[in-house]
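First the structure, in the form of structure tokens, and then the observations on it.
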Amino acid sequence: MPTGVRAQSVENTMYINTSRLHRFVMSAAVLLNMSTVAVAQQFKVKSIVIEQPWIRATPAGAEVAGGYMTISNTGSEPDRLIGGVLSQAGHFAVHEMKMDGNVMQMREVEGGLEIKPGQKIELNPSSGYHVMFMGLREPLKQGDTLKGQLRFEKAGSVDIEYRVEAGGAQGPQQHNH
Amino acid sequence: MRKIGQNTVWIGATLVALILVGAIYFGSNYLRDDRGLPKVAEIGGPFSLVDHHGKSVTNRDYLGKPTLVFFGFTHCPDVCPTTLYEITNHLKELGPDADRLNVLFITVDPERDTPQQLALYLSSFDPRITGLSGSPENILAAEKAYHIYAKKVPLKDGGYTMDHTATIAVMNSKGQYVDAMHYQAPSATTRAKLRRLLNLGNS
């Protein structure tokens, strides 16, 4: 019996410690999240909200780069991403990358990328959607901020800024905490 | 009585034989080096290409070490640089052990990926990765040998992109296909495969 009691009290102490640690980790996580929200880049034009645009740094001699972001449509009408500009690139297109078995396929999204009312579209390396910059005039370097523009069918043009992340990055740095 | 005794001898002998066969079989599995790995498919074969230093090479130049063979092109925004960055990270992590490995990046777009373009592009990755280009016919022959699908797809602006198989073929030191590494496989899986490949190649 005494052994049992002792074991129980040890367990209680451990429980308290764990919950304290847990609370600490949770509050640290909340703080980190708040800082993420504070630095998250957001751009708006009419009903279109663009969050955290980023580009992958390019290897030497690369003539193409993929750009990523989240686009939301807060309005009641569908809209389409139909074009864009990046001063370092000659050409802009919206592409979809798909794996057909083990074969990588890339296609231009015909007629632009549609964003339905209330829809939030993620352009990221796993979703397959990206904006493609072709005819790069110079390598894009990690840590740089690049000015660009997106053009929507209804909302019109909006100036945005892309953060350049590491070449193999899977997401913007703020998400990596 | 005598008959039973004979049966017992036969059963005993059969059991001993079975145990021996089993021991040899399992023993050979334990003792195998990478050359003992079964050849699982007719993937791979002779090729004659040019490396990113401008040197003419054939498949024979890469025998003696396990080899990773990956096809791609430098006008690729996603799969190719991602794979090359991942391989770079793995090689860095393996350190000098990775010297016992060949890594080949063969272009599916020889028209734009000259040896010079490959040299420039690969300067951003681990220097142990070799880029290979060549004449369209020789590239096609290499694609066929490795069962690689590659197709030119025109883009609206007049340029083009390439659909292509994104799998890495893993060849043993005898140039036999032993495994595949798939795009977006968990990093831990690739790491384990590489370590196994190198340990086996070592014993």
**OP:** Identify, by number, the condition in (1) within 14 Å of chain B (Cβ to nearest Cβ); (2) in contact with a strand residue (DSSP E or B) (Cβ under 7 Å, 6 or more places away or on another chain) that A:Phe43 doesn't meet.
**Re:** (1)
**OP:** Give me a count of the residues in region A:117-141 that are surrounded by 13 or more Cβ atoms within 10 Å (Cβ to Cβ) and either within 11 Å of another protein chain (Cβ to nearest Cβ) or modelled with pLDDT under 95 (or both).
**Re:** 13
Original post:
Assuming B:Pro46 fulfils every condition listed in (1) modelled with pLDDT of 80 or more; (2) exposed (fewer than 12 other Cβ atoms within 10 Å of the Cβ); (3) assigned to a helix (DSSP H, G or I) apart from one, which condition is it?
Top reply: (3)
Subject >> Given (1) at pLDDT below 80; (2) away from chain A (no Cβ under 14 Å), number of the condition B:Val57 does not satisfy >> reply: (1)
Subject >> Unique match (being of a type outside the set (Asp, Glu) and at positive phi) among A:Gly148, A:Gly135 >> reply: A:Gly135
Original post:
Taking region A:72-116 as the search range and keeping residues that are away from chain B (no Cβ under 12 Å) and hydrophobic (A, V, I, L, M, F, W, C), which one is surrounded by the fewest Cβ atoms within 10 Å (Cβ to Cβ)?
Top reply: A:Val85
Subject >> Out of A:Thr70, A:Thr58, A:Thr74, A:Thr145, sole residue that is among the hydroxyl-bearing types (Ser, Thr, Tyr) and touching a residue at least 60 places away in the same chain (Cβ under 8 Å) >> reply: A:Thr58
**OP:** Answer yes or no: is there a residue in region B:185-201 that is surrounded by fewer than 16 Cβ atoms within 10 Å (Cβ to Cβ) and within 30 Å of A:Phe92 (Cβ to Cβ).
**Re:** no
Subject >> Matching entry among B:Ala119, B:Ala141, B:Ala180 (being surrounded by fewer than 18 Cβ atoms within 10 Å (Cβ to Cβ), within 11 Å of chain A (Cβ to nearest Cβ) and either hydroxyl-bearing (Ser, Thr, Tyr) or assigned to a helix (DSSP H, G or I) (or both)) >> reply: B:Ala119
Subject >> Hey, A:Ala60 within 12 Å of chain B (Cβ to nearest Cβ) and either surrounded by 21 or more Cβ atoms within 10 Å (Cβ to Cβ) or in a strand (DSSP E or B) (or both) or not >> reply: no
**OP:** Filter region B:96-116 for residues that are free of Cβ contacts under 8 Å to residues at least 24 places away in the same chain and away from chain A (no Cβ under 14 Å) and give the result.
**Re:** B:Pro96
**OP:** Please work out if B:Ser28 is hydroxyl-bearing (Ser, Thr, Tyr), modelled with pLDDT under 80 and in contact with a helix residue (DSSP H, G or I) (Cβ under 9 Å, 6 or more places away or on another chain).
**Re:** yes
Subject >> Among (1) in a strand (DSSP E or B); (2) surrounded by 15 or more Cβ atoms within 10 Å (Cβ to Cβ); (3) without any contact (Cβ under 8 Å) to a residue 60 or more places away in the chain; (4) within 14 Å of another protein chain (Cβ to nearest Cβ) - the single one B:His164 does not satisfy >> reply: (3)
**OP:** Give the residues of region A:151-170 that are within 14 Å of chain B (Cβ to nearest Cβ) and over 14 Å from the mean Cα position of the chain (by Cα), sorted by residue number.
**Re:** A:Gly167
**OP:** Run down B:Lys193, B:Lys151 and say which single residue is out of contact with any Phe, Trp or Tyr (no Cβ under 7 Å at 6 or more places or on another chain), assigned by TED's automatic domain parsing to the domain that holds B:Pro77 and not in a strand (DSSP E or B).
**Re:** B:Lys193
Original post:
Any idea which of (1) modelled with pLDDT of 95 or more; (2) closer than 20 Å to B:Lys156 by Cβ is the one A:Lys98 doesn't satisfy?
Top reply: (1)
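The values are calculated or read from the model by the stated rules, or taken from the named source; none is laboratory data. Fair warning: this is a prediction, and the values are worked out from it, not measured in the lab. All Cβ positions, glycine included, derive from the backbone under ideal geometry; neighbour counts span all protein chains shown.
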